[in-house]
Amino acid sequence: RSGEARATSAGTGRTAIVRWGEPPLFDPHHCGGVPLWGNPQAQVYSPTWAVTGLLFGTTLGHKLYLLLHAIVGHAGMNLLGRRFLGLSQVGSFLTATFWAASGFFAWHGAGGHATFISFYWAPWLFLFWRASETDLRACVGVGAVMALVVAEGGHYPFPYFVLWLGIDLVLRLVQRPRSAGPILRGAFVSGALGGLLAAYRIVPIFLTVRGHPHLVPDPDAMTPSEILTMLTAREMPPSWPHRWVWNEYGGFL
């Protein structure tokens, strides 16, 4: 339960550090007790949480965390529109506004799904990713963003980003086979740096999940028409035959 896990882990983590002077390794208040050090959704080890939740407290920190990501995401999409899509200043600003203020972020942000907020890093990731083909320094940006997503508990954004960049990699190799060398070099260096920077979170998560597997069957599935509804419906439809609340699905464009 990403919303509850985010709220309790943030409060518990800050209390452990500020009040008791201890590292935030365990949360006794969520689901009878859950680990934080090995929890893929824990955000108490991310730099963004340190400058929001740790400094300003849990309640205000939550709001600042969301606001910070919205600003960063809007700026990134604005830059992406200008540099990559060739839009005008007004066009790129409108594109960034529609994207950053979409129903996806509104519903997940209001519902406490803070681990979805890492999707705001998408435009910056893509800009660094494309630049890594000609400038290896951009690989640091790719690795840093991917590591930050892991640190922010982005258990959905991270695999989506890997799939997204992987598809872009294949498409570029097919379209420009003569540039395969620089493209693959940038991708390899970016992946290696991302793995090294995120190792402090990936290793404990891997050990925890492997040592204490918690397999939960989920038969939920979507049809193409339901996906279209998710993207076009302002409110929850009268009948929605799925087990989770509408906030889990809604992404009104």
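The values are calculated or read from the model by the stated rules, or taken from the named source; none is laboratory data. Please read these numbers as outputs of a predicted model, since none were measured by experiment. Here the Cβ is made from the backbone with ideal geometry for all residues, glycine too, and neighbour counts use every protein chain on show. To get the accessible areas, we keep the full protein, side chains included, count just its heavy atoms, and leave off ligands, DNA and RNA. Shrake-Rupley method; radii C 1.70, N 1.55, O 1.52, S 1.80 Å.
Structure data summary
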quantity	calculated
Using distinct alpha-carbon pairs, which all enter the 1/r mean, Kirkwood radius of segment 1-93 in Å	14.7 Å
10 Å binning of all Cα-Cα separations within segment 114-197, expressed as whole percents from 0 upward	20, 53, 23, 4, 0
Top of PRO177, PRO224, PRO159 by mean-square fluctuation, Gaussian network on the chain, Cα under 10 Å	PRO224
Calculated [θ] (222 nm, deg cm²/dmol) that DSSP helices of n ≥ 4 give over the chain, each run adding -39,500 (n - 2.57)	-19000 deg cm²/dmol
Angstrom value of the Kirkwood radius, inverse mean 1/r, which spans all Cα pairs in segment 28-176	16.5 Å
Cα centre as origin, Lys/Arg/Asp/Glu Cβ charges: segment 116-235 dipole, Debye	560 debye
Accessible heavy-atom area order of CYS31, CYS139, highest first, probe of 1.4 Å	CYS31, CYS139
Listed residues THR48, THR232, THR115, most fluctuating in the chain (Gaussian network, C-alpha, under 10 Å)	THR232
Stokes-Einstein translational diffusion, the chain - Kirkwood Rh over all Cα pairs, 0.692 mPa s, 37 °C, in µm²/s	167 µm²/s
Stretch gain in nm, segment GLN89-TRP37, where the contour uses 0.36 nm per residue and the Cα spacing is subtracted	14.4 nm
Computed over segment 133-253, Kirkwood Rh from alpha-carbon pairs, angstrom	17.5 Å
Solvent-accessible ranking of VAL209, VAL34, largest area first, probe 1.4 Å	VAL209, VAL34
Among LEU171, ILE71, TRP37 - extreme Cα towards positive end, dipole of the chain, charges at beta-carbon	LEU171
Relative contact order [Cα under 8 Å, 6+ residues apart], the chain, whole percent	20 percent
Inter-centroid distance (Cα atoms) of segment 113-143 relative to segment 151-189, Å	10 Å
At R0 = 30 Å, FRET efficiency that the Cβ-Cβ distance of LEU228 and VAL162 yields, to 0.05	0.70
Size of electric dipole in segment 64-192: Cβ of Lys, Arg +1 and of Asp, Glu -1, about Cα centre, debye, nearest 20	400 debye
Under Karplus coefficients 6.51, -1.76 and 1.60, residue-wise ³J(HN,Hα) of segment 39-48 in Hz, glycine/proline x	8, x, 9, 5, 10, 6, 10, 9, x, 5
Of the DSSP H helices in the chain, those whose Cα atoms cover at least 18 Å axially and whose Kyte score averages 0.5 or more	138-151, 157-175, 180-197
Sites matching trypsin sites (Lys or Arg not before Pro) across segment 6-106 that sit in DSSP coil, with at most 13 neighbouring C-beta atoms within 10 Å	ARG19
Under Karplus coefficients 6.51, -1.76 and 1.60, residue-wise ³J(HN,Hα) of segment 238-249 in Hz, glycine/proline x	x, 10, 10, x, 10, 6, 9, 6, 4, 4, 6, 10
Segment ALA101-ALA199, length gained on full extension (0.36 nm per residue, minus Cα span)	32.1 nm
For the chain, built as a Gaussian network whose Cα springs stay under 10 Å, the top-fluctuating residue of VAL140, VAL174, VAL189	VAL174
Surface accessible to a 1.4 Å probe, TYR200 within the full protein complex, Å²	90 Å²
Values of log10 I(q)/I(0), in the order q = 0.27 Å⁻¹, for segment 202-245 under a Debye, Cα-only, solvent-free model	-1.01
Interchain or long-range residues, amide H under 5 Å from VAL34's placed H	ASP27, HIS29
